[in-house]
Amino acid sequence: MSQTLTLERVRADVAELLGCDPAEIEPDENLTDLGLDSVRTMVLVERWRAAGAATLEYPDLAEQPELAHWTELLTGGNA
């Protein structure tokens, strides 16, 4: 989706909103279970749209709230 979004950027953005170290987030862990709610997810949607993922929508992230899925969706790479 975007050349400016990288695995490191996606992981860091999620960790920032969860208030944890990026290394603590496992690729297949459910981010909702870690405390990422819908409001924070929308913050990420807006942040990543501004970074180049112009077609990103909330349901794209909400349907599978895992770092690995989001990284694949946003960068085409694996977490």
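On the stretch given as region 56-68, residues that are part of a helix (DSSP H, G or I) and in contact with a helix residue (DSSP H, G or I) (Cβ under 8 Å, 6 or more places away or on another chain) total 5. The residues of region 54-71 that are open to solvent by less than 30 Å² (accessible area, probe 1.4 Å) and among the polar types (S, T, N, Q) amount to a single one, THR71.
Based on this model, can you work out whether THR41 counts as in contact with a helix residue (DSSP H, G or I) (Cβ under 6 Å, 6 or more places away or on another chain) and either hydroxyl-bearing (Ser, Thr, Tyr) or open to solvent by less than 40 Å² (accessible area, probe 1.4 Å) (or both)? Write out each step before concluding.
Working: in contact with a helix residue (DSSP H, G or I) (Cβ under 6 Å, 6 or more places away or on another chain): yes; either hydroxyl-bearing (Ser, Thr, Tyr) or open to solvent by less than 40 Å² (accessible area, probe 1.4 Å) (or both): yes.
Yes, satisfied.
If you filter region 17-31 down to residues that are in contact (Cβ under 8 Å) with a residue 12 or more places away in the chain and of a type in the set (Asp, Glu), you find that the one that is surrounded by the most Cβ atoms within 10 Å (Cβ to Cβ) is GLU29.
The selection criterion, being open to solvent by 40 Å² or more (accessible area, probe 1.4 Å) and assigned to a loop (DSSP other than H, G, I, E, B), holds for LEU34.
All of (1) surrounded by fewer than 16 Cβ atoms within 10 Å (Cβ to Cβ); (2) under 14 Å from HIS69 (Cβ atoms); (3) touching a residue at least 40 places away in the same chain (Cβ under 8 Å) hold for VAL14 with one exception: (1).
The values are calculated or read from the model by the stated rules, or taken from the named source; none is laboratory data. Being a predicted model, the structure only gives us computed values, none of them experimental. No Cβ is skipped: glycine too gets one built from the backbone with ideal geometry, and neighbour counts run over all protein chains shown. Note: accessible area is taken over every heavy atom of the protein model, side chains too, but ligands, DNA and RNA are not part of it. Shrake-Rupley method; radii C 1.70, N 1.55, O 1.52, S 1.80 Å.
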